[in-house]
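Take a look at the structure set out below.
The values are calculated or read from the model by the stated rules, or taken from the named source; none is laboratory data. Just so it is clear, the model here is predicted, and its values are computed rather than measured. Ideal geometry is used to build each Cβ from the backbone, glycine not excepted, and the neighbour counts take in all protein chains shown.
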Amino acid sequence: MKLVSAYSLLLFFLLTSQAICFAENILNIYDYDTNVTSMSRRKILSTPRFNIFSGKLKAQDYQHGNRPYQIDYDLIVSKMKRKTPLVVQIPSLGVREDSQFINWYVGRYFAKKGFSSLIVYPNSHPVAKQRPVVDLFGHIVRNTVATRQAIDFLETNMPQIDTENMVAFGISMGGVRMPHLLASEPRIKKGTIIIGGDHLLDILANSLVPDVVKYRKCQMLLLDTKTITEFKNYLKQLPVHDAKHLAPYIGRDRVQMVIALFDAMVPTYNQFTLWRTLGRPEIMALPTGHTSIAPFIKRILNFSYQGYKKVLDL
């Protein structure tokens, strides 16, 4: 237990140092090596309107000693006979196997509208048991960087995709990550945040998502915090990279939001906090919980598409 505590303390000081740099130049932590190469790509589905590819990219993490790593992605390419705008989908909790169905569903919708879609998958679960709490923001930053590297790869190697006409779409944890991508990637003209919230550590302390509940219990045991109050007090000591730090680099016109009014997984309070922090952008509020928002997915997609049309050169 003492070893775990010492390890957590070390990570705390490392992240605190990073937070100081973050305050000095908030976007530096999203810088990346632009040297990205293809490891593999295969076509896994073809329809009259679009193809779906699954692939891997090799990239370098120059902020951590040029450490090589792999980027897993799916690409849904419209067969329109012109350059197609791009929807960057930010997956929710989990790796490819956990969220591929909904990502493909969203991608097929936009393919019928003449869009291509890019989905970059995390290389590990955000709330994997072995991940220290202090690394949650690091996980978001690394996946934001991987997404930007994948966009660069498409820009260089797939001229049929128009990365000057690009939007983003994120559900749940994908919505939590959206401000990080919008702030660091000015090429994205608009992002839709669906049931995503601000104050990640507050969400961690209160969410009823089963995976998050298990992770919270595991971390409380490792940190020797016997009550949820003690755990929340620990979280309050950690440096944060929340939307309030990123909002000045986004602008309310680059965001639209869908909020669930009875959500206990990404609490509704946190969703409205994010909405206010981002300048009260255009909103759709639905009388649902988190997972019960599913029957409204087509309505959400139509809402997103109408917002995208206002900013894209179609």
Among helices (runs of 4 or more DSSP H) entirely inside region 234-314, those with 3 or more residues being surrounded by fewer than 19 Cβ atoms within 10 Å (Cβ to Cβ) and out of contact with any strand residue (DSSP E or B) (no Cβ under 6 Å at 6 or more places or on another chain) are 268-277, 297-311
Hits in region 226-241 (condition: touching a Ser or Thr at 6+ places or on another chain (Cβ under 8 Å) and within 20 Å of Leu274 (Cα to Cα)): Pro239
Positions within region 173-206 being buried (at least 24 other Cβ atoms within 10 Å of the Cβ) and among the hydroxyl-bearing types (Ser, Thr, Tyr), in sequence order: Thr192
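Residue-wise test of (1) more than 18 Å from Phe115 (Cα to Cα); (2) within 19 Å of the chain's Cα centre (by Cα).
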position	(1), (2)
Met257	yes, yes
Leu261	yes, no
Thr277	yes, yes
Arg280	yes, no
Ser292	yes, no
Asn302	no, no
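Yes/no matrix, rows are residues, columns are (1) of a type in the set (Asp, Glu); (2) at pLDDT 90 or above; (3) closer than 23 Å to Asn157 by Cα:
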residue	(1), (2), (3)
Asn35	no, no, yes
Arg49	no, yes, yes
Phe53	no, yes, yes
Asp61	yes, no, yes
Gly65	no, no, no
Asp72	yes, yes, yes
Val88	no, yes, yes
Gly94	no, no, no
Phe110	no, yes, yes
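The rows are residues; the columns are (1) over 29 Å from Tyr215 (Cα atoms); (2) buried (at least 23 other Cβ atoms within 10 Å of the Cβ).
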{"position": "Ile44", "(1), (2)": "yes, no"}
{"position": "Thr47", "(1), (2)": "yes, no"}
{"position": "Phe53", "(1), (2)": "yes, no"}
{"position": "Lys79", "(1), (2)": "yes, no"}
{"position": "Arg82", "(1), (2)": "yes, no"}
{"position": "Ile90", "(1), (2)": "no, yes"}
{"position": "Ile102", "(1), (2)": "no, no"}
{"position": "Ile119", "(1), (2)": "no, yes"}
{"position": "Pro122", "(1), (2)": "no, yes"}
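Per-residue answers, yes or no, for (1) part of a strand (DSSP E or B); (2) acidic (Asp, Glu); (3) at pLDDT 95 or above:
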| residue | (1), (2), (3) |
| --- | --- |
| Gly174 | no, no, no |
| Leu181 | no, no, yes |
| Lys190 | yes, no, yes |
| Asp202 | no, yes, no |
| Ala205 | no, no, no |
| Val212 | no, no, no |
| Gln219 | no, no, no |
Across (1) closer than 25 Å to Gly307 by Cβ; (2) modelled with pLDDT under 90; (3) touching a strand residue (DSSP E or B) at 6+ places or on another chain (Cβ under 6 Å); (4) not aliphatic (A, V, I, L, M), Ser99 clears everything bar (3)
The strands (runs of 3 or more DSSP E) lying entirely within region 53-138 that contain at least 3 residues which are of a type in the set (Ser, Thr, Tyr) are 67-78, 116-121
Of all residues in region 180-193, count the ones that are out of contact with any His (no Cβ under 9 Å at 6 or more places or on another chain) and within 13 Å of Tyr249 (Cβ to Cβ). 7
Residues of region 238-284 satisfying the condition of being within 15 Å of Gly191 (Cβ to Cβ), free of Cβ contacts under 8 Å to residues at least 40 places away in the same chain and aromatic (Phe, Trp, Tyr): Trp275
Name the residue that is nearest to Leu86 (Cα to Cα), counting only residues in region 145-174 that are out of contact with any Phe, Trp or Tyr (no Cβ under 7 Å at 6 or more places or on another chain) and among the charged types (D, E, K, R). Asp162
Please go through region 224-233 and pick out each residue that is outside any loop (DSSP other than H, G, I, E, B) and modelled with pLDDT under 90. none
